[in-house]
1. Can you list residue pairs whose Cβ atoms sit under 9 Å apart, with the first residue in the range 43-59 being at pLDDT 90 or above and the second being hydroxyl-bearing (Ser, Thr, Tyr) and in a loop (DSSP other than H, G, I, E, B)? Count only pairs 6 or more apart in sequence or on different chains.
2. Please state which one of LYS94, LYS106, LYS163 is over 27 Å from GLN40 (Cα atoms), modelled with pLDDT of 95 or more and among the basic types (Lys, Arg).
3. When VAL83 is evaluated against the numbered criteria (1) surrounded by fewer than 22 Cβ atoms within 10 Å (Cβ to Cβ); (2) in contact with a strand residue (DSSP E or B) (Cβ under 8 Å, 6 or more places away or on another chain); (3) of a type outside the set (Phe, Trp, Tyr), which criterion, by number, is the only one it fails?
4. I want to confirm something. Restricting to the range 100-123 and keeping residues that are of a type in the set (A, V, I, L, M, F, W, C) and more than 16 Å from ASP157 (Cα to Cα), which single residue is nearest to the chain's Cα centre (by Cα)?
5. Only one of LEU129, LEU124 is touching an Asp or Glu at 6+ places or on another chain (Cβ under 6 Å) and either under 21 Å from ASN193 (Cβ atoms) or not polar (S, T, N, Q) (or both); which?
6. Output the residues belonging to the range 182-195 that are part of a loop (DSSP other than H, G, I, E, B) and surrounded by fewer than 17 Cβ atoms within 10 Å (Cβ to Cβ).
7. Could you list all residues from the range 10-67 that are charged (D, E, K, R), part of a helix (DSSP H, G or I) and either under 15 Å from the mean Cα position of the chain (by Cα) or farther than 22 Å from GLU183 by Cβ (or both)?
Amino acid sequence: MVIHGGTTFDSYEDYLSYLKNMEIDLDRLKSKKDWKTNLQEELGANFEVLSPRMPNGTNACYKEWKIWFERIITLLNDNLILVGHSLGGIFLAKYLAEEEISKRIKATILVAAPFDDKNRKESLADFRLSSSLVKFGEQGGVIYLIQSKDDPFISLDQLTKYKKALPHAKMIIFDNREHFNQETFPEIIELINKI
């Protein structure tokens, strides 16, 4: 299952201000594929890839995402591989650190996931992590932390904080993938096939 990213705001007024003042880039509004939408095709018939659209990705609310995730997760089998990109990564980390999950997780892969909102322009609002990620480490399966050194949104220190909280996690660092918004991501295909 792949959980996409999104944006968060501390208040509804902040969200409305964002809508009124954000710069609109027409290229970003064009429909295009990315590695998340290509995952099923790339992995083939041996995998069933689910990519649920989480509620209101532009003004994401953890409680809403949690409800939707829990409704979906009950329908799945054991040996899950969970992938979270950006806000989707911190969502998985928070959920698995705070909740008991009834399914066996084989692996959790966090791609360009924020750890906290210190020194960041964007607030994490109610997606902020608990003080401990111990439960995540216990039930998240093998945990992979993927980050690029040139990510304009998530600095490398965020990865370092995850590694400190999850000492057994495996880190994969790239030099030039920015925020992993590319069309293909062959390394994640290879990783999932190895898992």
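The values are calculated or read from the model by the stated rules, or taken from the named source; none is laboratory data. Please read these numbers as outputs of a predicted model, since none were measured by experiment. We place every Cβ from the backbone using ideal geometry, glycine too, and count neighbours over all the protein chains shown.
1. Filtered contacts from the range 43-59: ASN59/THR7; ASN59/THR8.
2. LYS163 is the lone residue from the list that is over 27 Å from GLN40 (Cα atoms), modelled with pLDDT of 95 or more and among the basic types (Lys, Arg).
3. (1)
4. Among those that are of a type in the set (A, V, I, L, M, F, W, C) and more than 16 Å from ASP157 (Cα to Cα), it is ILE109.
5. Values: LEU129 fails: touching an Asp or Glu at 6+ places or on another chain (Cβ under 6 Å).
Matching residue, one of LEU129, LEU124: LEU124.
6. GLN182, GLU183, THR184, ILE195, listed by residue number.
7. If we filter the range 10-67 for residues that are charged (D, E, K, R), which is where we start, we get 10, 13-14, 20, 23, 25, 27-28, 30, 32-34, 36, 41-42, 48, 53, 63-64, 66.
Now narrow it down to the ones that are part of a helix (DSSP H, G or I): 13-14, 20, 27-28, 36, 41-42, 63-64, 66.
Result: GLU13, ASP14, LYS20, LYS36, LYS63, GLU64, LYS66.
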